[in-house]
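What follows is a short report on a single structure.
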Amino acid sequence: MNKHKLKALILTVGAIFMAFLMVNVTSQAARMDMVDVSNNNGYMSTAEYTSMRNEFGVKALTVKISEGTTFKDGYAASNIANGQAAGLYVNGYHFAHYKTKAQAIAEADFAGKTAKAAGLPVGAVLATDVESQEANNQSKATNDRNNAAFMKEIQKFGYRTDIYTSGSWANNKMTVKGKTGWIASYPYVVSGKNWYSTNHAWQWSSTAKFRISYGGFDVRRCLRSSKAPQ
């Protein structure tokens with residue numbers, strides 16, 4: 001065997017080994033039941049979502065829909081369509097900036113209409129992602145009032161809803177009741193951890209890698225449902 005063929009063989013074997021190692025290490029760390037995507041990830045193809053499902057056990061997708069009262073995620077429609085084509089359950093989220101009850105209702109109306117236009121199916125979760133500086137500057141009582149107003153309004157569009165926030169904010173900056181909440185908290189070592197087991201989902205990484213997709217992804221273990229929070 002000449003040196004060029006030998007080099008090609010070594011590279012091929014190395015690539016196969018690294019792909020196996022990535023899947024094995026990931027599976028030992030924690031389940032990747034649900035993956036978040038937004039415009040930050042660029043265009044995501046059906047093939048990429050199929051790979052996530054088949055190789056990494058992903059069951060559900062959470063697509064960024066909107067932010068505030070003006071921003072519509074330009075990749076929401078393609079992410080929803082391609083995720084569904086790959087057989088994934090599709091949810092959505094809205095990045096909140098509201099400071100008052102009136103603003104929360106306005107953002108919910110904007111998010112609901114944007115989700116409908118993007119093709120988010122009725123019955124899916126459309127969560128409020130509460131981690132902005134606006135929320136940080138509010139009292140717990142004010143955030144609770146605003147979140148409640150947002151979620152009540154979202155239900156008018158036929159969507160279920162929930163709160164998506166960080167572990168340090170949950171029940172400090174806002175109330176997240178048991179059997180609700182998508183909580184983000186990143187341990188240094190994930191293996192063996194089972195954090196937030198009384199909530200809907202635990203987001204344990206923001207830098208997860210997938211074999212044919214570029215960059216890092218937010219991933220969650222859904223603790224109360226294998227597909228989507230109920």
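The values are calculated or read from the model by the stated rules, or taken from the named source; none is laboratory data. Predicted model, so just to flag it, every value in this text is computed and none were measured. Positions of Cβ are generated from backbone atoms using ideal geometry, with glycine treated the same way; all protein chains shown enter the neighbour counts. Accessible surface areas use protein heavy atoms only, side chains included; no ligands, DNA or RNA. Shrake-Rupley method; radii C 1.70, N 1.55, O 1.52, S 1.80 Å.
Numbers below:
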item	result
Selection from segment 58-76 of residues that are assigned to a strand (DSSP E or B) and either acidic (Asp, Glu) or open to solvent by 60 Å² or more (accessible area, probe 1.4 Å) (or both)	GLU67, PHE71, LYS72
Tally, over segment 124-141, of residues that are open to solvent by 30 Å² or more (accessible area, probe 1.4 Å) and either closer than 13 Å to ASP109 by Cα or outside any loop (DSSP other than H, G, I, E, B) (or both)	5
Segment 77-101, residues that are touching a residue at least 40 places away in the same chain (Cβ under 8 Å) and either surrounded by fewer than 24 Cβ atoms within 10 Å (Cβ to Cβ) or part of a loop (DSSP other than H, G, I, E, B) (or both)	ALA77, ALA86, TYR89, ALA96, TYR98, LYS99, THR100, LYS101
Hits in segment 30-57 (condition: open to solvent by less than 20 Å² (accessible area, probe 1.4 Å), touching a residue at least 60 places away in the same chain (Cβ under 8 Å) and under 20 Å from TRP182 (Cα atoms))	ALA30, MET32, ASP33, MET34, VAL35, ASP36, VAL37
Unmet criterion (only one of (1) open to solvent by less than 10 Å² (accessible area, probe 1.4 Å); (2) under 25 Å from LYS99 (Cβ atoms)) for THR180	(1)
Residue in segment 155-164 that is surrounded by 15 or more Cβ atoms within 10 Å (Cβ to Cβ) and assigned to a helix (DSSP H, G or I) present	yes
Test: residue in segment 82-100 that is modelled with pLDDT of 95 or more, touching a His at 6+ places or on another chain (Cβ under 9 Å) and farther than 25 Å from ILE212 by Cβ	no
Residue check for ASN147: within 18 Å of TRP182 (Cβ to Cβ) and either part of a helix (DSSP H, G or I) or in contact with a Phe, Trp or Tyr (Cβ under 8 Å, 6 or more places away or on another chain) (or both)	yes
Qualifying position, being in contact with an Asp or Glu (Cβ under 9 Å, 6 or more places away or on another chain) and more than 20 Å from ILE80 (Cα to Cα), among SER139, SER166	SER166
In segment 195-207, the residues that are part of a loop (DSSP other than H, G, I, E, B) and either free of Cβ contacts under 8 Å to residues at least 12 places away in the same chain or closer than 13 Å to SER166 by Cα (or both)	TRP195, TYR196, ASN199
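Residues are listed down the side, and each one gets a yes or a no for (1) under 20 Å from THR62 (Cβ atoms); (2) in a helix (DSSP H, G or I); (3) without any contact (Cβ under 8 Å) to a residue 40 or more places away in the chain; (4) open to solvent by 30 Å² or more (accessible area, probe 1.4 Å):
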{"site": "LYS113", "(1), (2), (3), (4)": "yes, yes, no, yes"}
{"site": "VAL122", "(1), (2), (3), (4)": "yes, no, yes, yes"}
{"site": "ASN143", "(1), (2), (3), (4)": "no, yes, yes, no"}
{"site": "SER168", "(1), (2), (3), (4)": "no, no, yes, yes"}
{"site": "VAL176", "(1), (2), (3), (4)": "yes, no, yes, no"}
{"site": "PRO187", "(1), (2), (3), (4)": "no, no, yes, no"}
{"site": "GLY192", "(1), (2), (3), (4)": "no, no, yes, yes"}
